Each structure stands twice: as structure tokens, then as C-alpha cells.
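Engineer: Input: one structure, supplied below.
Read the figures in this text as sums done on the coordinates, not as results from a lab. No experiment lies behind these values; they were computed from the predicted model shown. As a convention, Cβ positions derive from the backbone with ideal geometry for all residues, glycine included, and neighbour counts pool all protein chains shown.
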Amino acid sequence: MHQLVRLAALYPLISFGATYDTPNLDWVTEDYPPFNYHINGEIEGLSIRILERIYQDLGWTLDRRNIMLVPWPRAYRMAMTSPKTCIFSITYTQERAQLFQFIGPSLDNQVAIMGHKENDYEVSDLRDLKNYKIGVVKNDIGHQLLRQSNVPQDNLVFLASGFELVQMLKLKRIDLIAYGDIIARFQFKRAGIDPAHYRVVLPLSRSYLGFACNKQVETQWVRSMNQALRRLRRNEPSLFSPQSY
């Protein structure tokens, strides 16, 4: 009888720690190095590595064929409208928390207005941006922060990717860009541009990057992935350092 009582007491713990079959999820992302990008026909990056470790921790198998790299506006729309779709790497905001189920934090992220180092921009706050043309990627966090701050849309130049942002900035087709600081510096290097020639003109926000799923994705899957992510952050901190990648 005592053995049965002990087994009954243990049963909830065993059930709580049990893994589930790999969920049927589609993942969408964009070219956003060093977190996610194409190289030699394969999708690579720090966030890919973190996602694979989350799956491994849960006893799931991540099929990279279920990861699609597309322009950010399309990825964002797919995650909003497709009931089994998740998106990354996405910056957490309160607005987005109403639209998605978040898995995070995975990585720190500073979003900023960036420009040429030698230029003397007269920008002390967001109101001063009305005097400049600012490159953004539609529905990227930089675009959303400027929209929320009522920066006139006439001042925004919409481009397809961060790679295009840094190229247009170099050519001085735009005055500034609103983008993630770390990602912009990687994009400069990929474009053969020395990032030392550019600087943060005005910080916009400091938040975190993570993963986010459509509201119709099974809540238990999202909860399990969050628990796995917390374990990994505690036990494998080097996994979350861009410098280690």
C-alpha cells in the first residue's frame, strides 16, 4: 500500500516532465544575420542553433525543411494568418504580445537609428526625424517603433531587407536607417562595408529577440518550448552569445 501511495505521488511529476510527439509546426524567418540567414543554400544562424537545441531538449526532431526564409513582411503575414506557423527572430513588444504567443527571451536586442559616422545629424529626439529620409523594412521592429511614435510615413523609405538598408545608406539614397544594431553591423560586413564608418544616432528601444507562434498554435507546445529555453539559458549560457557564433 505504501508503495502504491508513493507511486501515485510521483505520477504527476512523471507526467509533467514527459515529452510530446514533435508538433506539426511551420517556421518562417528572414535574412537577419547572425541570427538567421542563407549560406551555401542552407539556413544557418544563432537562432537556428537555439531552436534546434530547444527541440532536442524536448525530445523533438526539427526538420529544417519546415523552416522557410522569406522577406520579413511575408514572414510576418504568414505567422499572423497561418494557424500552425511560428516566426523568428522577432523582437518582443507589448503590441506584438497581443498578436502572438512568445517564446523567449533568447537574445538581447537594441533597435536604433543609425547613420554615417561623419555626419552631424541634428537629432536629439524622435521629433527631429521629420527632417530625414529613414530606411525601414515593413513591419520590422524599427518600422513599428517609428509608426508608434508618429514619425510621418512620408519620411520612411521601405526596403525589402536589412542588406538593402545598409547598401542604400552607403549610397546616401537615404539619410538614416531604423534597425537592430547588432544585425546592421553584420549586414555592413556582408555588403563589404566597414561598420566603423557608421554609428548609433538615436537609440529606440532595448528588448529581446525570441520566437513567436500564431495564437492558434497549441498552448502546451509553446509552454514546453519556453520551459526548454529557460533550461538552456541556465545550463548553456554560451549558446546565447552572438560572439560565440
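Engineer: For the chain, find the longest principal axis of its Cα atoms and tell me its angle to the long axis of helix 72-81, 0 to 90°, nearest 10.
Structural biologist: On a 0 to 90 degree scale, this one is about 40.
Engineer: Here is a follow-up. Sum -39500 (n - 2.57) across every DSSP H segment of at least 4 residues in the chain, then divide by the residue count to get the 222 nm mean residue ellipticity, nearest 500.
Structural biologist: Dividing the helical sum by the residues of the chain leaves -10500 deg cm²/dmol.
Engineer: If you place +1 on the Cβ of every Lys and Arg, -1 on the Cβ of every Asp and Glu, and leave all else neutral, what size is the dipole of segment 184-238 about its Cα centre, to the nearest 20 Debye?
Structural biologist: 140 debye
Engineer: In a Debye calculation with equal point scatterers on the alpha-carbon sites of segment 83-123 and no solvent, what is log10 I(q)/I(0) at q = 0.15, 0.16, 0.21, 0.24 Å⁻¹?
Structural biologist: Log-scaled intensity ratios, in q order: -0.56, -0.60, -0.77, -0.89.
Engineer: Next question. Longer than 25 Å from Cα to Cα, which of Lys138/Lys215; Lys84/Lys189; Lys130/Lys215; Lys130/Lys189; Lys130/Lys170 are they? Say none if no pair is.
Structural biologist: Distance filter (> 25 Å) returns Lys84/Lys189; Lys130/Lys215; Lys130/Lys189.
Engineer: Next question. Starting from the Cα of Lys133, draw a straight line to each of the aspartates and glutamates and keep only those under 19 Å, dropping any in the same chain fewer than 8 residues away.
Structural biologist: Glu118, Asp120, Glu122, Asp125, Asp154, Glu164, Asp175, Asp181
Engineer: Follow-up. Find how much the distance from Gln153 to Gln94 grows on full extension, using 0.36 nm per residue of separation minus their present alpha carbon separation; answer in nm with one decimal. It would help to have the intermediate numbers written out before the result.
Structural biologist: Working: separation 59, 0.36 × 59 = 21.24 nm, distance 2.18 nm.
Separation in residues times 0.36 nm, less the Cα-Cα distance, equals 19.1 nm.
Engineer: Using Cα-Cα distances under 8 Å and only pairs 6 or more residues apart, what relative contact order does the chain have, in percent? Show your work: numbers first, answer last.
Structural biologist: Values: 424 pairs, mean separation 68.6, N = 245.
After rounding, I find 28 percent.
Engineer: If you rank Asp26, Asp125 by fewest surrounding Cβ atoms within 10 Å, what's the result?
Structural biologist: Taking fewest neighbouring Cβ atoms as first place, the list is Asp125, Asp26.
Engineer: If you wrap a convex hull around the alpha carbons of segment 110-206, what volume per residue comes out, as a whole number of Å³?
Structural biologist: Taking only Cα atoms, segment 110-206 has a hull volume of 83 Å³ per residue.
Engineer: Still on this structure, I have one more. Identify, among Met80, Ile50, Ala178, the residue whose Cα sits farthest towards the positive end of the charge dipole of segment 44-180, taking +1 on the Cβ of Lys and Arg and -1 on the Cβ of Asp and Glu, with the dipole about the Cα centre.
Structural biologist: So the residue furthest toward the plus end is Met80.
Engineer: Which whole-number percent gives the relative contact order of segment 113-190, counting Cα pairs below 8 Å spaced six or more residues apart?
Structural biologist: Averaging sequence separation for qualifying contacts and normalising by length gives 40 percent for segment 113-190.
Engineer: Taking the Cα centroid of segment 54-120 and of segment 122-159, what is the distance between the two, rounded to the nearest whole Å?
Structural biologist: Rounded to whole Å, the Cα centres lie 21 Å apart.
Engineer: Of the listed peptides 46-55, 83-92, 214-223, what is their order by residue-averaged count of other C-beta atoms within 10 Å, with the highest listed first?
Structural biologist: 83-92, 46-55, 214-223
Engineer: Separate question: Looking at the chain, I'd like the Rg to Rh ratio, where Rg is from alpha-carbon atoms and Rh is Kirkwood's inverse mean 1/r. Could you put the intermediate results ahead of the total?
Structural biologist: Details: Rg = 20.5 Å, Rh = 19.4 Å.
Using only Cα positions, Rg/Rh for the chain is 1.06.
Engineer: Give, to the nearest whole percent, the P(r) tail of segment 84-164 beyond 17 angstrom, counting all Cα pairs.
Structural biologist: Values: 1753 of 3240 pairs.
Tail fraction, whole percent: 54.
Engineer: Let me ask something else about it. Rounding to the nearest 10 and keeping the result within 0 to 90°, find how far the Cα-based axis of helix 46-57 lies from the longest principal axis of the chain.
Structural biologist: That works out to roughly 10 degrees.
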